[in-house]
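Asks: Attaching a single structure in structure tokens format; questions to follow.
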Amino acid sequence: MQPDGSIAAVSSDYAVSLGQFSAAAIERAGHLATGLPLAALAGKSVLAKQVHGLVQRLARHGLLAYRLFSPRDAQDLVVIEPLIADYWPHTAKLSSSDTIVLSRFAYLRRRGNEMVLESPRAGALFRICDPAIVATLAALSQPQKISALRKQMAAVNLDLLGLLLEAEMLLKLGANDADGGRVNEGDRNLVLWDFHDLVFHTRSTEGRHVNPVGGAYLHARVVPPLPAVRPRWPGKTIALGKRTALEPKSPFANLLRERHSTRDFDDQHPLTLAELAQFLDTTARVLSEWKGAADFDDGPEVTYSARPYPGAGSAYELELYLAVSNCEGLARGLYHYDASGHALVAIDASAQQLQALLAAAEFAMGASGPPQVLITIAARFGRISWKYSSIAYSLILKDVGCLLQTFYLAATDMGLGGCAIGTGNIDLFGGMTGLEFYVEGAVGQFALGRGRKPEVASQM
Ligand SMILES: Cc1cc2nc3c(=O)[nH]c(=O)nc-3n(C[C@H](O)[C@H](O)[C@H](O)COP(=O)(O)O)c2cc1C
């Protein structure tokens, strides 16, 4: 807090400015350290509005936790930790005739000395402070009418159930939802998701959790690094002759030797629309399309396509979205590549979101500026999980690997530069496209452009 009333939140590695506030608002905000009732934010007074604004800003940065307190037992029931920027604790209304069941994506796990309830669908996690709640959650593995649940368990807290329902950890079942097993959970796209795949998707990307992401070296002081090259097995060794590193034998072998990551681009000489068209034509264009019957009895007709890179089950679930920062002949903006029509289709994304996407890529590469074109690889999950169980998401990531190498080789061949990027914010991408993170979500990124220095073949 500064004498002029401005407040900043400071953590070990960053500071967030929260704005300027009156002395009364600052005094009330001071209670946030121990607990400020949400009721203190309600009302139309200037003070309530100021504190509400401050709390919203803190929440947007994931700097707030919400306690659900039981005055009767004088203890916390749960502490809610937001995982997405705009989480706000809403309590859904429930009546005693409603039937509810635990979402099949919700799971309890130990975190340190605490028990937490999480779900890849939820915008917050619930730290469980009262063991009686675990018993209620266990009972909710089967559909339960609220009236029956309350008879069975005296300690059931309706506010908590309302919060869990709003966070999509619980589902309200309709008359036709039968057993509550693999119900569509409010969106039929979720039927196709395996539990572990949706958890992996949301926890191995950015946007829907607050765990450390990327090169954080969290365990570096506990475990030594593994060597770059695996120690040789002790068995009989068959020498394979001299290394051919100095004399690649074919243009393709040359291309593999020349390929390297380029992170800084020449903005005086950006890549052109014609080059971008050639790059997409070489790497990702639909080459042919056909129809075939799914390989099970009475299976429906399925459409297929052939493309320049290999794809699991010929599903070709990957889509390309281009955030264009600097490309001669193409306006700055977000575009979808129509791989069948070989065309770019403009998407109306906000300038601020485009800037955030490009800035995150620049940061991930430690580059001195944004890439000229940032390709986000998104997956139409249902295209592959309609067929494959247990391995759907892993197949998608393997397909991304195939496509990334195809990008690298094509860029090298064209005298352009590129770099794969291992992080990506699925919530930001969802906000830009209006696509739900579980319908068509970001699974990879590739920065493309004309490298700052002339590309010189490296000599090993
Ligand atoms: C899946 C994948 C993710 C990557 N993520 C990043 C990244 O986030 N930032 C970055 O600067 N480089 C990234 N790279 C590039 C690697 O750092 C690079 O390929 C590696 O250092 C070898 O260098 P080279 O590509 O020049 O041969 C990634 C590469 C791959 C294949």
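Asks: So, in the stretch 92-110, of the ones that are under 20 Å from Ala135 (Cβ atoms) and of a type in the set (Gly, Ala, Ser), which residue ends up surrounded by the fewest Cβ atoms within 10 Å (Cβ to Cβ)?
Replies: Ranking the qualifying residues of the stretch 92-110, first place goes to Ser96.
Asks: Which of the numbered conditions does Ser261 fail, given that it passes all the others? Conditions: (1) surrounded by 10 or more Cβ atoms within 10 Å (Cβ to Cβ); (2) more than 16 Å from the ligand (Cβ to nearest atom).
Replies: (2)
Asks: Could you figure out which of (1) modelled with pLDDT under 95; (2) within 15 Å of the ligand (Cβ to nearest atom) isn't true of Arg243?
Replies: So the condition that Arg243 fails would be (2).
Asks: Checking Tyr337 against (1) closer than 16 Å to Leu273 by Cα; (2) touching a Gly at 6+ places or on another chain (Cβ under 9 Å), which test does it fail?
Replies: (2)
Asks: Report yes if some residue within the stretch 429-449 is within 16 Å of the ligand (Cβ to nearest atom), surrounded by fewer than 20 Cβ atoms within 10 Å (Cβ to Cβ) and touching a residue at least 60 places away in the same chain (Cβ under 8 Å); otherwise report no. Before you say what the answer is, go through the steps one by one.
Replies: Just the residues of the stretch 429-449 that are within 16 Å of the ligand (Cβ to nearest atom), to begin with: 429, 442-449.
Then keep just the ones that are surrounded by fewer than 20 Cβ atoms within 10 Å (Cβ to Cβ); that gives none.
No, every residue in the stretch 429-449 fails to be within 16 Å of the ligand (Cβ to nearest atom), surrounded by fewer than 20 Cβ atoms within 10 Å (Cβ to Cβ) and touching a residue at least 60 places away in the same chain (Cβ under 8 Å).
Asks: Only strands (runs of 3 or more DSSP E) wholly contained in the stretch 52-126 count here; list those with 2 or more residues that are without any contact (Cβ under 8 Å) to a residue 12 or more places away in the chain. First the steps, then the outcome.
Replies: Numbers: elements: 66-70, 75-82, 99-102, 107-111, 114-118.
Answer list for the stretch 52-126: 107-111.
Asks: Turning to a different aspect of this structure: Looking at Leu357, Leu273, Leu330, which is the one that is away from the ligand (no atom under 16 Å from the Cβ), within 19 Å of Thr433 (Cβ to Cβ) and surrounded by 13 or more Cβ atoms within 10 Å (Cβ to Cβ)? First the steps, then the outcome.
Replies: On the way: Leu357 fails: away from the ligand (no atom under 16 Å from the Cβ); Leu273 fails: within 19 Å of Thr433 (Cβ to Cβ).
Of the residues listed, the single one that is away from the ligand (no atom under 16 Å from the Cβ), within 19 Å of Thr433 (Cβ to Cβ) and surrounded by 13 or more Cβ atoms within 10 Å (Cβ to Cβ) is Leu330.
Asks: Moving on. Filter the stretch 411-428 down to the residues that are among the hydroxyl-bearing types (Ser, Thr, Tyr) and surrounded by 20 or more Cβ atoms within 10 Å (Cβ to Cβ) and list them by number. Walk me through how you get there before you give the answer.
Replies: The first filter runs over the stretch 411-428 and keeps only residues among the hydroxyl-bearing types (Ser, Thr, Tyr), leaving 412, 423.
Selection gives Thr412 alone.
Asks: So Thr237 ticks every box in (1) outside any helix (DSSP H, G or I); (2) within 16 Å of the ligand (Cβ to nearest atom); (3) more than 30 Å from Ile384 (Cβ to Cβ) but one. Which box is left unticked?
Replies: Of everything listed in (1) outside any helix (DSSP H, G or I); (2) within 16 Å of the ligand (Cβ to nearest atom); (3) more than 30 Å from Ile384 (Cβ to Cβ), Thr237 misses just condition (2).
Asks: With the checklist (1) within 13 Å of the ligand (Cβ to nearest atom); (2) assigned to a strand (DSSP E or B) in hand, flag the one item Leu397 doesn't pass.
Replies: Evaluating Leu397 over (1) within 13 Å of the ligand (Cβ to nearest atom); (2) assigned to a strand (DSSP E or B) leaves (2) as the failure.
Asks: Let me ask you something else. Check off (1) more than 11 Å from the ligand (Cβ to nearest atom); (2) surrounded by 22 or more Cβ atoms within 10 Å (Cβ to Cβ); (3) more than 14 Å from the chain's Cα centre (by Cα); (4) not polar (S, T, N, Q) for Tyr408 and give me the number that stays unchecked.
Replies: All conditions pass for Tyr408, except number (1).
The values are calculated or read from the model by the stated rules, or taken from the named source; none is laboratory data. None of the values given here were measured: they were computed from a predicted structure. Note that we place each Cβ from the backbone using ideal geometry, even for glycine, and neighbour counts take in every protein chain shown.
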